[in-house]
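K.L.:
Below: one structure in structure tokens.
The values are calculated or read from the model by the stated rules, or taken from the named source; none is laboratory data. Treat the numbers as computed from the prediction; the structure is a model and nothing was measured. So basically every Cβ, Gly included, is an ideal-geometry build from the backbone, and we count neighbours across all protein chains shown. The area values use the complete protein model at the heavy-atom level, side chains included, leaving out ligands, DNA and RNA. Shrake-Rupley method; radii C 1.70, N 1.55, O 1.52, S 1.80 Å.
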Amino acid sequence: MVQLDGGSGDDARLAAATQISEIFQSHITGLFFNVVPDEFNGANVNQAAQAPDAARRAGDAVETMLLQRLTQLQQPTNLRRFDVAGVLDISVTALPLVRTADTFVALRPNDRSNEPEDLFENLLFGTGRHLFLVPDDWKGFTPLDNIVVAWNGSRESARALAESLPFLHQASKVGVLVVEGEHQTKTDALKANDAVLHLRHHGINAIKYRAVGEEDETADVLIAECRSLGADLLEMGSYGHSQLHDLLPGSTTSRILHRSPVPLLIAH
């Protein structure tokens, strides 16, 4: 499932959705949320009455264009359109829909992309499904053959690991990466061993990687390791102690979301 809005970001969203569809012979459902304001602030009565009709006509044009783009993909597709009053309605409408999809494709949040922040947060924390996030210049040509699994033993990392199994089965190289303090404890030495064993029980020949970094350095270490290992995809659970903390500016999750050099598979 992928949100489409008729803008330039659709190129990256559709490239990722198409690549996933080709890997798994799956179906692409596009979601188009057309904002139809209830009122036209600052306008006279006539303008206020005409605003919803104008918004619907504009939505008709975008819907036609999106249907054409989906048809050109030569994959099983459909488009669902919803006329909504604003961003809040988008989140409320999208939440139950995404719960019935295998994955939701979106752009990584950054200063250039126009993904609604509220939508991203509500889907991450409310759907029970993973999100597949790509840079806004993603072309989808890189095979997802080398996957790095960020593991810290948390419930969130376990959720993400379970959600990522279909992708891990397709990869030719899987590494489970743990970030530990400089002074390793006896517990640290065993961290991620069971996760690696779990993946091997699933027929995935995973290996363990260890990197050194303090808690506030985790995001930078994960990003550096992805570059060093030549990763095509980073799989991770949201970091932090609460939903609010996870996405605060400067948090591990927020920093990775904004700076990851590769696509992200993230779950909570």
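K.L.:
For volume of the Cα convex hull per residue in Å³, one of (1) 206; (2) 133; (3) 124 was computed from the structure I shared and the rest are decoys. Which label?
P.N.:
Label (3) holds the value from this structure.
K.L.:
Considering only protein heavy atoms, what per residue accessible area in square angstrom results for region 80-202 with a 1.4 angstrom probe?
P.N.:
Working: 5980 Å² over 123 residues.
Counting only protein heavy atoms, the per-residue value for region 80-202 is 49 Å².
K.L.:
Shifting gears a bit: Identify, among Ala219, Gln3, Ser21, the residue whose Cα sits farthest towards the positive end of the charge dipole of the chain, taking +1 on the Cβ of Lys and Arg and -1 on the Cβ of Asp and Glu, with the dipole about the Cα centre.
P.N.:
Checking the options against the dipole of the chain, the answer is Ser21.
K.L.:
Could you pull out every one of the lysines with an alpha carbon less than 23 Å from that of Lys191, ignoring same-chain neighbours closer than 8 positions?
P.N.:
Lys173, Lys208
K.L.:
By how many nm would the segment from Asp53 to Glu182 lengthen if fully extended, with 0.36 nm per residue of separation less the alpha-carbon distance?
P.N.:
40.2 nm
K.L.:
Quick check: pseudo-label points 7 Å beyond the Cα along Cα→Cβ at Val212 and Asp137, how many nm apart are they?
P.N.:
Once both label points are built, they end up 3.4 nm from each other.
K.L.:
Magnitude of the Cβ-charge dipole of region 78-224, K/R +1 and D/E -1, about the Cα centre, nearest 20 debye?
P.N.:
Working: 15 positive and 22 negative charges, 175 e Å.
For this selection, approximately 840 debye.
K.L.:
Connecting C-alpha atoms closer than 10 Å in a GNM of the chain, tell me which of Gln75, Gln19, Gln184 has the biggest fluctuation.
P.N.:
Gln184
K.L.:
Looking only at Ala160, Ala85, Ala206, which one moves most when the chain is put into a Gaussian network model with springs between Cα atoms under 10 Å?
P.N.:
The residue with the greatest mean-square fluctuation here is Ala85.
K.L.:
What accessible area, in Å² to the nearest ten, does a 1.4 Å probe give for Leu67?
P.N.:
Taking all protein chains as shown, Leu67 has close to 80 Å².
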